[in-house]
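One structure is given here, and the rest of the page talks about it.
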Amino acid sequence: MGRAAPSNAVKFAVLTISEGLRQDHDDIDIVVISPGVTRSEFASTITDPGAKAAIPRLAMAAFSPLAIEPQAIARAVAFSIRQPAVARSARSSLRPAACPH
């Protein structure tokens, strides 16, 4: 299994469940925001040795310059919240402009 497959599988599951909720409930809004690589301190906070070893340092170094700033994700969330109920978007995918994936 490739490195992206588990993440992609989880995102697909979230999208599928969210779409089902959206179709089944007209009294709530469902918006899924799928960010690409986002700058965070996540990798540096892992304390489990096995989990830490599983994250290839080269991969993290390669993606770090492409990472989206958290503020961009916050703006996408705020944009979705501000939309009137008749104009809601069900999905927003945010990727770094320079990301080849």
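Here are some notes:
- Where labels lie 7 Å past Cα in the beta-carbon direction, separation of Ile17 and Val77 in nm: 1.8 nm
- Arranged from fewest to most other beta-carbon atoms within 10 Å of their beta carbon, Val31, Val10, Val86 become Val86, Val10, Val31.
- Ordered by the count of other Cβ atoms within 10 Å of each Cβ, fewest first, Ile46, Ile81, Ile30 give Ile81, Ile46, Ile30.
Any read-out appearing in this document is the output of simple, stated calculations on the displayed coordinates, not a laboratory observation. Keep in mind that this is a model prediction, so the values were computed, not measured. With ideal geometry, Cβ positions are generated from the backbone for all residues, glycine too; neighbour counts draw on all protein chains shown.
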